[in-house]
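Before any comments, here is the structure.
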Amino acid sequence: MSYDSQIFKLTENKEIAKGIFDWTVKNDELPARAKCGQFVNIKVPGRVLRRPISICDATDTTLRLVFQVKGEGTKVMSQMKPGEDVEILAPLGTGFDIKPGKRYCFVGGGIGVPPLLFSAKQTDNPMVIMGFRNKDLVILKDDFKAAGAELYTATDDGSFGIHGFVTDVLSEHMGEFDEVCACGPVPMLKAVAEVCRGKVRCQVSLEERMGCGIGACLVCSCKTKIDGEEHMTQVCRRGPVYDAGEVFYDA
């Protein structure tokens, strides 16, 4: 894992749904190292702990970061202006294992959707299944369409797209893809893993509280089963992406 902490320039900050913000930050070195499924750790002015944010998209010189305001740190981030400098530790973690020649289905729930955009762009003819509580929280549909994805959107209340859950759509299209990559809340990941079990390989990206982001503080340790043995592994280093069968979802 090759990472560094450097100054990025915030070039764009816009609210794309209620409480959800879309950043573009520029740096001449670190974005080119990013791989799909990785994340960054952002130093927030006036706060001690950095905030981990998944990489939504990347070019050789820019990172796109989509986040939801959930506390004081992300609230400060949402109020920052283009032109400001931001110290970012990047790129971090182990991302999705994308193999050439396979068709992938990317399944995202809520704020777990953004990291799937960069991932989908690494594949041919991707299927993307997005789930949200309601139409006001739907994001990135145009971006996925522009990336050539076969896109399905489900909402809990039926106010946009399919009335139901991402697992309803996933089950209906089983057999149309080779592997699944999922990111979202743990109950969703558990349900997706169950649908895929015994049928297709499934990788899941965990959303955990993190302190340092580099494996020093142990805050993000979770119970996993790797090579038949139980281990406490650090999501920031061994993950955030795991094989679905390695995770104890109720731990």
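Structure data summary
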read-out	value
Residue in the range 168-186 that is among the aromatic types (Phe, Trp, Tyr), more than 24 Å from VAL69 (Cα to Cα) and in a loop (DSSP other than H, G, I, E, B) present	yes
Only listed residue being farther than 19 Å from ASP97 by Cα, surrounded by fewer than 16 Cβ atoms within 10 Å (Cβ to Cβ) and polar (S, T, N, Q), chosen from ASN134, ASN125	ASN134
Residues (in a loop (DSSP other than H, G, I, E, B), charged (D, E, K, R) and at pLDDT 85 or above) located in the range 189-221	ARG197, LYS199
Residue check for ALA216: within 20 Å of TYR104 (Cβ to Cβ), of a type in the set (Gly, Ala, Ser) and over 15 Å from the mean Cα position of the chain (by Cα)	no
Residue list for the range 111-122, filter: of a type in the set (S, T, N, Q) and crowded, with 24+ Cβ neighbours inside 10 Å	SER119
Single residue of the range 92-110 satisfying the filter (within 13 Å of the chain's Cα centre (by Cα) and surrounded by fewer than 23 Cβ atoms within 10 Å (Cβ to Cβ)) that is farthest from GLU150 (Cα to Cα)	THR94
ALA182 closer than 21 Å to PRO100 by Cβ and either at pLDDT 95 or above or in contact with a Cys (Cβ under 7 Å, 6 or more places away or on another chain) (or both)	yes
Test set (1) more than 30 Å from VAL44 (Cβ to Cβ); (2) modelled with pLDDT under 95 - THR224 fails condition number	(1)
Residue in the range 69-91 that is surrounded by the most Cβ atoms within 10 Å (Cβ to Cβ), counting only those that are farther than 21 Å from TYR3 by Cβ and in contact with a Leu (Cβ under 9 Å, 6 or more places away or on another chain)	MET80
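The values are calculated or read from the model by the stated rules, or taken from the named source; none is laboratory data. Everything quoted here is computed from the prediction, not taken from an experiment. Positions of Cβ are generated from backbone atoms using ideal geometry, with glycine treated the same way; all protein chains shown enter the neighbour counts.
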